[in-house]
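To start, the structure itself, in structure tokens.
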Amino acid sequence: MEDGIPVVSSEAEDLTEMDDHWKNSLIGYVIGKKPFYKPFIEFLNRLWRPKGQLEILMRGGGFFMARFTSEEDRKSVIEGGPWLMGGRPIVLRKWTRGMKMELERLETIPIWIRLPYLPLHLWGKRMLSKLASVIGTPL
């Protein structure tokens, strides 16, 4: 107790105890939507098709945690995409100890564009890059 306030002391091991448990986790949210738990779990399993187990935990404010048993699955999801739910982007970040679950100001967001009537002779990597540059930075 300090000045009548309970104080908890901790050691480094106390703070890192759960690191292994969460190391293959992602924090995410769907822009403009708070999905329902059971349909969302089924949707993410169909979308990401993990080889190992996927555990989804709903958090406050529309956030969710996706905990993978496989590092390969986590990498595949974070490096894949962009992921959409009902046309809305799913924003994902790798879990780190001490991170806050708060909406981030989005400076950029990856998007897919369709060019349905683009002539086939313009489908080269260089030309597609030039066309995409009109909209933004091609990935």
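Only the coordinates and a few stated rules stand behind these numbers; no lab work does. These figures come from a predicted structure and were not determined experimentally. Heads up, the Cβs are rebuilt from the backbone with ideal geometry, glycines too, and the neighbour counts pull from every protein chain shown.
Side notes on the structure shown:
- Rounded to the nearest whole Hz, the Karplus-based 3J(HN,Hα) values (6.51 cos²θ - 1.76 cosθ + 1.60, θ = phi - 60°) of the range 67-79 follow the sequence 9, 9, 7, 10, 4, 4, 5, 4, 4, 4, 6, 5, 8, with x at glycine and proline.
- Cα long-axis angle, helix 37-48 against the chain (0 to 90 degrees, to the nearest 10): 50 degrees
- Counting only Cβ charges, +1 for Lys and Arg and -1 for Asp and Glu, the dipole size of the range 11-139 around its Cα centre is about 940 debye.
- Per-residue Cβ neighbour counts within 10 Å put Ile135, Ile90 in the sequence Ile135, Ile90, beginning with the fewest.
- Neighbour net charge for Ile78 - beta-carbon separation under 14 angstrom, K R +1, D E -1: +2
- Computed over neighbours whose Cβ is under 13 Å from that of Pro138, the net charge equals +3, Lys and Arg +1, Asp and Glu -1.
- In the set (i) 9, 31, 27, 19, 9, 3, 1, 0; (ii) 10, 32, 24, 16, 10, 5, 2, 1, 0; (iii) 12, 46, 36, 7, 0, the label that goes with P(r) over Cα pairs in 10 Å bins from 0, in percent computed for this structure is (i).
- 5 angstrom amide H check on Trp83, placed H, neighbours 5+ away: Ile90
- Footprinting exposure proxy ranking of Glu2, Glu55, fewest other C-beta atoms within 10 angstrom first, gives Glu2, Glu55.
- Cα point-scatterer Debye curve for the range 1-81, base-10 log of I(q)/I(0) at q = 0.12, 0.24 Å⁻¹: -0.47, -1.17
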